[in-house]
Amino acid sequence: MRSGCFKHIDISEECLKRQLRNFYKNEGDKMVKKSLLLALNLLLMTSLLGSCTPAKTEETIQSDKNTVEEEKSDEKVLQGNSVEHETENEPAANSMEQNDKESHAENQGEEDVVRQEKTVEGYVLEVEGNTITVDLENPEGRNYSEEGLDRGVEFDITDAEKEVIPTSGYSEDRECRIKTGITVSITYYEENGKNIVTKISTDNDEKEIIVYVSSGEIEEITDKSMKVHVREGDYSGERLVFDTTETSIPEDASVNSTVTVTYYLKENTYYALSFIFDDL
């Protein structure tokens, strides 16, 4: 084989270094390219993924701003309405509370008026169960048997406290007996048209019919009357005309005779009960 058939290759040390530099340079360029390619791929993928959420345009941003402003405005309106509603309801609530207080005060006032107690004295005309009829005009004894029946006032003593008024000669532990003919002190209030007694007191002393006695000279006699000039006893010095319809006059009675008359007074009329003549 001829040596001229082969090309001479320079493999000196300098040549090898140059070859190595070129190699690394070429390989480095490839690495750089690969790195750039990888970065480009990543950027592309990021862009593709980002495309799922479209970017907001100025119009969209402005629309979002408007929506937020509207929501804030609606919230303010709602808050305003709530405050206004509470403000409107507050006077109503206060008014209802005030009405309740006034109603309670009125009821309390009415109760106080109904239960305003009074105290009176009277003469017991009749007792029937827990109801008594009392003459408030004349609390003392009767001038005549029927006195006060036309003006009697009824009282309910069902729950009344009963008290005996101590008097001389009587023990304090006596039982309070409410009966006809006694004077009573009554503390009561009015309710539903009734007189409700809370306390009743008495000395248990029965009052008799008041009987008067007068003596004098007879000045005039008729079938139904006798006129007497009173000298002693009740109404001394006066001239009284006695109604004699409830008794009889002796036939021997005459003018100027001295007589003692027992009588009672009813509606300004002197009703004779009996006569005693000194000279008969």
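Worth a mention:
- Net length gained if the chain between Asn130 and Lys194 were fully extended (0.36 nm per residue, minus Cα distance): 21.8 nm
- Pairs from Lys227/Lys266; Lys199/Lys266; Lys207/Lys227; Lys162/Lys207; Lys118/Lys162 whose Cα-Cα separation, in the structure shown, is over 26 Å: Lys199/Lys266; Lys207/Lys227
- Taking a point 7 Å from the Cα of Asp150 along the Cα-to-Cβ direction, the residues of segment 244-269 with backbone N closer than 20 Å to it are 244-246, 264-269.
- Loop-resident trypsin sites (Lys or Arg not before Pro) (DSSP state other than H, G, I, E or B) in segment 172-280 with no more than 15 further Cβ atoms inside 10 Å of their Cβ: Arg174, Arg177, Lys179, Lys224.
- Take the Cα of Thr247, go 7 Å toward its beta carbon, and the backbone nitrogen atoms of segment 214-234 under 13 Å from that spot belong to 214-216, 225-228.
- Whole-Hz ³J(HN,Hα) from phi, Karplus 6.51 cos²θ - 1.76 cosθ + 1.60, for segment 239-246, glycine and proline x: 9, 10, 9, 9, 7, 9, 6, 9
Rule-based calculations on the coordinates, nothing more; no lab input. Keep in mind the model is a prediction, meaning the values are calculated, not measured. Counting neighbours? That spans all protein chains shown, and the Cβs are built from the backbone with ideal geometry, glycine included.
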